[in-house]
Amino acid sequence: MSGGGGSRLSRFEKSRFIGARDTMIVYDCDDSDQLALLEARLRDDDLLGRNLMQSFGPDTLAEARNRGFRAVGRR
């Protein structure tokens, strides 16, 4: 599911921060551990098919938080 060098999702190759709307968790795709978690969720929970993926503009953690998302591992 990763694009090119395996550092981003192919469908969101220009986006660093991707959110899952079912859990309101944002993943940093430049962090290999978080990317692996997100790829597992994509595979296991069909996030794309269920239209539950969110990118942000601007592509920042602050913008994700403005939209109600929280970082992986944060409560």
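Within the stretch 3-28, the set of residues being modelled with pLDDT of 95 or more, touching a helix residue (DSSP H, G or I) at 6+ places or on another chain (Cβ under 8 Å) and not β-branched (Val, Ile, Thr) comprises Phe17, Gly19, Ala20, Asp22, Tyr27, Asp28. Picking from residues in the stretch 28-73 that are in a strand (DSSP E or B) and among the small types (Gly, Ala, Ser), the one that is nearest to Arg11 (Cα to Cα) is Ser55. Each residue in the stretch 9-27 was checked for being closer than 17 Å to Gly68 by Cβ and either part of a loop (DSSP other than H, G, I, E, B) or not hydroxyl-bearing (Ser, Thr, Tyr) (or both), and 10 of them qualify. Against the numbered list (1) closer than 15 Å to Gly73 by Cα; (2) in contact with a strand residue (DSSP E or B) (Cβ under 9 Å, 6 or more places away or on another chain); (3) among the charged types (D, E, K, R), Arg8 comes up short only at (1).
The values are calculated or read from the model by the stated rules, or taken from the named source; none is laboratory data. The structure presented is a predicted model; accordingly, all values stated were derived computationally and were not measured. As a convention, Cβ positions derive from the backbone with ideal geometry for all residues, glycine included, and neighbour counts pool all protein chains shown.
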